[in-house]
Amino acid sequence: MVRFWFTIPLWQRVIGALVLGTLTGLFWGPDAESIKWIGDFFIKSVKMLVVPLIFFSLVSGVAAIGDLRKLGAVGGRAMLLFVVTGQIAVWLGLALGSFFKPGQGIDASAIELGITPEPNRTTAVDMILSMVPESPVKVMADAQVLPLIVFAMLMGIGILMAGKEGEPAAKVFDSGSVVMQKVTMIVMELTPFGVFALMAWVAGTLGQDALIALAKLVVLNYVGCLLIIFVLYSAMIHFLAKLPVHDFFRGIIDAMAVSYSTASSNATLPVTMRCTERNLGVSNSVASFVVSLGATINMNGTAMYLGLATLFGAQVFGVHLSWGDYFLISILSTLGAVGAAGIPGAGLIMMALVFGAVGVPLETIAFVAGVDRIMDMMRTVTNVSGDAAVATTVAVMTNEIDREEMISADDI
Ligand code: ASP
């Protein structure tokens, strides 16, 4: 029995749990709330991974660049493309959310609200200050993602500056990051149970309206991701890299398939690297640097989703958002996508960062968690395709691409 369970791919178990959980909730009614704790257990377990994962994977990612000068030339261009595409993605999510209003018309009174965060209307100066970790240990204990990222980047740069003497430290972080990926795999085995319980709770306590709203959210998530992939990335490859769009997508099809089934940019990393080098002709140094950095910080699918989900939560709980809030959401969603580790469910956890700033109840997280996995799969395809698109474009800009290789890769 146990063996049979593990022969079914995880994503299929998750989808099965989603359907069964929904049906159970519809039949069981409000009493399904009694198993919500299983979902909370799952969410808590994913949260547990965030700090160590970001810390180990970012430090080892920066250290992997190997050379401070390269950080400037290739890194500058890659960062610019990461930021610009990230902003376009969030505003697309906000546009989809405000136009189609997926969270409107639900009676959310059955959801017991905990402490809803007071919107902390921070100024730009506050935000800059909050990015500096006063104490790295405190930042980790409080799971504050942004100052943690700053600290991890500095540690990576420090390792590079230390040269030979920094190598043992780099090895520790490399190994730590592999270990954390294994821990992630263990936690991911909880997904079907968490999804089952959360869907039963949502369907049982909130009824069909809530299910329809969640279905709308899922559809909008897919539409947003497909627009980013086929419009934004196609434009980047066509206009900036001046390469045939069709060949680009043909070259990364393996990475797209693996990312959809694993919902993890990190797990797909080796395939993305291989596709960009072998099928697209990007040089090894640009591919390994841009793609590995991108797997941690370039997440346009996640950025789009954070914008969309914040509006969803605001609509469900009737929170009014001003234009100022929209700008805050756009900045925090981009930063949240940077902070999200390349693992399944990371985008879900990052919601707390954005929600807290604009006063959207954190209960939205449990509400959408049951359908998160199917959205996550598409977000990850978007994130991974974006890494390959940026790596290819930067390679063209810095003359690090072998076009012959790209065109002649007919054995893809
Ligand atoms: N699972 C996504 C990734 O690995 C992150 C997310 O949850 O949005 O790219």
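The values are calculated or read from the model by the stated rules, or taken from the named source; none is laboratory data. These numbers were taken from a predicted model, which means no experiment stands behind them. With ideal geometry, Cβ positions are generated from the backbone for all residues, glycine too; neighbour counts draw on all protein chains shown. These accessible areas exclude ligands, DNA and RNA; they are computed on the full protein's heavy atoms, side chains included. Shrake-Rupley method; radii C 1.70, N 1.55, O 1.52, S 1.80 Å.
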(request) Return the sequence-ordered ³J(HN,Hα) values of segment 345-352 in whole Hz as given by the Karplus equation 6.51 cos²θ - 1.76 cosθ + 1.60 applied to θ = phi - 60°, using x for Gly and Pro. (result) x, 5, x, 4, 5, 5, 4, 4
(request) Calculate, in nm to one decimal, what K242 and D67 gain on full extension: separation in residues at 0.36 nm each, minus their alpha carbon distance. (result) 60.2 nm
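Treat segment 279-412 as a sphere of radius equal to its Kirkwood radius over Cα pairs and apply Stokes-Einstein at 20 °C in a medium of 1.002 mPa s; give the translational diffusion coefficient in µm²/s, rounded to a whole number.
Working: Rh = 16.1 Å.
D = 133 µm²/s.
Round to the nearest 0.05 the FRET efficiency obtained for S34 and Q104 when R0 = 35 Å and r is the Cβ-Cβ distance.
Values: r = 29 Å, r/R0 = 0.83.
About 0.75, to the nearest 0.05.
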(request) Note the full-extension length gain between V83 and D142 as 0.36 nm times their separation in residues minus their Cα-Cα distance, in nm to one decimal. (result) 18.6 nm
(message) Need one number: nm distance between label points at E134 and K182, each 7 Å from Cα along Cα→Cβ, rounded to one decimal.
(response) 3.8 nm
(request) Enter the accessible area per residue of the chain (Å², integer; probe 1.4 Å; all protein chains in place). (result) 43 Å²
(request) For segment 162-215 and segment 52-75, compute the distance between their C-alpha centroids and round to whole Å. (result) 23 Å
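For the chain, with all protein chains present and a 1.4 Å probe, just round the carbon and sulfur fraction of the accessible area to a whole percent.
On the way: 12080 of 17630 Å².
So the carbon and sulfur contribution to the accessible surface is 69 percent.
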(request) Quick one: among A143, A287, A17, which has the greatest mean-square fluctuation in a GNM of the chain with alpha-carbon springs under 10 angstrom? (result) A143
(request) Leaving ligands, DNA and RNA out of it, work out the accessible area of M127 with a 1.4 Å probe and give it in Å² to the nearest 10. (result) 30 Å²
(request) Compute the longest continuous run of the chain that contains no exposed GluC sites (Glu not before Pro); treat a site as exposed when its DSSP state is not H, G, I, E or B and it has at most 11 other Cβ atoms within 10 Å. (result) 135-412
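Go ahead and estimate [θ] at 222 nm for the chain from helices alone: -39,500 (n - 2.57) per DSSP H run with n ≥ 4, summed, over the residue count, rounded to 500.
Numbers: 18 runs with 305 residues, N = 412.
Computed mean residue ellipticity for the chain: -25000 deg cm²/dmol.
Y222 to I253: extension gain in nm, 0.36 nm per residue of separation minus the Cα-Cα distance?
Numbers: separation 31, 0.36 × 31 = 11.16 nm, distance 1.76 nm.
So the chain would gain 9.4 nm between Y222 and I253.
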(message) Please state the shape class of segment 265-336: rounded when a/c is under 1.5, otherwise prolate if a/b exceeds b/c and oblate if not, all from the C-alpha gyration tensor.
(response) prolate
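Pop the C-beta distance of I212 and M161 into the FRET formula with R0 = 51 Å and round what comes out to the nearest 0.05. Before the final figure, lay out the partial values.
On the way: r = 55 Å, r/R0 = 1.08.
Calculated value: 0.40.
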(request) Please identify, among A197, A152, A235, the residue showing maximal mean-square fluctuation in a Gaussian network model of the chain using a 10 angstrom Cα cutoff. (result) A235
(request) Highest first, please rank the peptides 296-306, 216-226 by the mean number of other Cβ atoms sitting within 10 Å of their residues. (result) 296-306, 216-226
(request) Calculate, for W323 and V125, the FRET efficiency according to 1/(1 + (r/R0)^6) with r their C-beta to C-beta distance and R0 25 Å; round to the nearest 0.05. (result) 0.80
(message) If I histogram all Cα-Cα distances within segment 206-284 using bins 5 Å wide from 0, what percent of pairs lands in each bin?
(response) 3, 14, 16, 20, 18, 10, 7, 5, 4, 2, 0
